[in-house]
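Worksheet: one structure, shown below.
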Amino acid sequence: MLHLDFNQTKTLIKECGQHITVLVEGEPGIGKSAILYQLAEEMPDYKPVYLEAQTLDLGDIQMPLVDADTGVRFVPNSAFMSDGRPLLLMIDELGKAMRPVQNALLRVIHERKLGSYDLPKDSIVFATTNLATDGVGDAIQSHASNRMTRVVMGKPTAEGLIEYGANHGFAPEILAWVKATPHSLGSYTDDPDNAYVFHPKRQNRAYFSPRSAEKAGYIVSKRELFHPDALLAALSGTIGEAAARDLQAFLVLGDELPDWQRLVGHPDTCPVPASAIAQQMLALRAVSMIDKDSVAPWLTYMGRLHPEVMALFATTAMRGSKAALLVTNPAFTKYAVQYSWIF
């Protein structure tokens with residue numbers, strides 16, 4: 001099945017969304033809704049609008065206004081109104097919306113109009129839905145589908161999730177586990193026996209996905225407060241039992257990690273974890289932790305790690321918000337020249 005990745009999907013919407021409505025199809029929890037928030041960061045001249053179609057009734061879209069002289073006209077929901085900017089409108093879960101709601105949105109999708117109201121000039125509209133094979137109730141009729149450009153967005157690769165997560169606050173332990181367990185981001189369409197992921201025939205209430213990975217990270221970051229059985233139960237209810245049991249065993253390695261303040265204060269003598277996986281956790285934690293005061297001591301400490309771990313830190317950090325911090329730091333420039341072969 002042909003599919004786009006997250007960035008390709010986002011670019012299609014950004015560059016063509018004024019003229020076409022992209023319908024993004026994909027498995028649950030893979031980050032379809034995150035497209036809106038990423039585009040909003042990149043396009044501050046647009047007003048971001050999120051519509052959760054499955055919760056809407058007709059009265060949530062527009063209401064009749066009766067006037068004795070002019071008759072009845074329909075007033076749109078304020079979400080469709082401009083604040084001086086064109087709209088960046090995402091219609092989430094379109095396939096689960098009631099049929100009258102879908103019909104009411106057809107002119108928005110096709111003509112950028114709601115009844116007689118025109119959306120602000122240059123507005124971008126896109127929608128999301130799950131795959132028909134996911135079996136979660138998504139249905140869009142052919143006449144509606146023909147008004148859109150349908151694309152399938154695939155799950156991110158392990159490298160893609162690590163890059164995104166390291167720059168958006170995901171727990172480093174989760175990202176290190178993903179690196180060690182890349183099939184946690186597999187698809188039931190490719191491997192129906194993958195116990196970690198969503199499968200429509202299993203009807204698993206909890207499974208591993210980019211969305212649940214972020215939520216599991218909040219639990220993992222507080223794991224010292226929980227009995228192991230309570231931690232396992234909480235993780236199982238977030239990412240599924242199979243992934244939770246593997247992750248809990250993996251977290252034992254995380255206990256080798258040195259305290260960040262100790263590392264920054266004593267980069268030459270602070271202990272280095274013995275295992276490569278623990279070093280990877282440390283490198284991914286550093287991506288989110290470093291600032292202008294700690295980058296130099298971190299680079300000193302990082303020089304004691306395995307070269308592959310150093311490369312993991314550098315490539316991940318240079319694709320995110322910390323890139324400017326690093327390229328202006330003389331210690332990193334020296335490091336980049338010395339270890340250019342691992343970039």
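The values are calculated or read from the model by the stated rules, or taken from the named source; none is laboratory data. Please read these numbers as outputs of a predicted model, since none were measured by experiment. As a convention, Cβ positions derive from the backbone with ideal geometry for all residues, glycine included, and neighbour counts pool all protein chains shown.
The table below lists the values:
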quantity: Counted residues, region 134-153 - those being at pLDDT 85 or above and in contact with a strand residue (DSSP E or B) (Cβ under 7 Å, 6 or more places away or on another chain); calculated: 7
quantity: Residue in region 66-84 that is modelled with pLDDT of 90 or more and within 19 Å of Val22 (Cβ to Cβ) present; calculated: no
quantity: Residue list for region 155-167, restricted to those being assigned to a loop (DSSP other than H, G, I, E, B) and within 30 Å of Leu105 (Cβ to Cβ); calculated: Lys155, Pro156
quantity: Checklist (1) modelled with pLDDT under 90; (2) surrounded by fewer than 21 Cβ atoms within 10 Å (Cβ to Cβ) applied to Gly160, failing item; calculated: (1)
quantity: Members of region 75-113 that are touching a helix residue (DSSP H, G or I) at 6+ places or on another chain (Cβ under 7 Å) and assigned to a helix (DSSP H, G or I); calculated: Leu94, Lys96, Pro100, Val101, Gln102, Ala104, Leu106
quantity: Residue in region 33-40 that is part of a helix (DSSP H, G or I), among the small types (Gly, Ala, Ser) and either at pLDDT 95 or above or touching a His at 6+ places or on another chain (Cβ under 8 Å) (or both) present; calculated: yes
quantity: Test: residue in region 280-295 that is farther than 20 Å from Tyr335 by Cβ and crowded, with 19+ Cβ neighbours inside 10 Å; calculated: yes
quantity: Residue within region 45-61 that is at negative phi, assigned by TED's automatic domain parsing to the domain that holds Gly115, at pLDDT 95 or above and surrounded by fewer than 13 Cβ atoms within 10 Å (Cβ to Cβ) present; calculated: yes
quantity: Cβ-Cβ under 9 Å pairs, at least 6 apart or on other chains, region 37-54 side under 20 Å from Lys121 (Cβ atoms), far side assigned to a helix (DSSP H, G or I) and hydroxyl-bearing (Ser, Thr, Tyr); calculated: Pro48/Tyr37
quantity: Evaluation of Val152 against (1) under 30 Å from Thr315 (Cα atoms); (2) part of a helix (DSSP H, G or I) (one fails), failing number; calculated: (2)
quantity: Failed item in (1) among the charged types (D, E, K, R); (2) buried (at least 19 other Cβ atoms within 10 Å of the Cβ); (3) within 23 Å of Glu93 (Cα to Cα), with Glu173 passing the rest; calculated: (3)
quantity: Within region 216-236, tally of residues that are more than 27 Å from Val272 (Cβ to Cβ), within 20 Å of the chain's Cα centre (by Cα) and surrounded by fewer than 20 Cβ atoms within 10 Å (Cβ to Cβ); calculated: 1
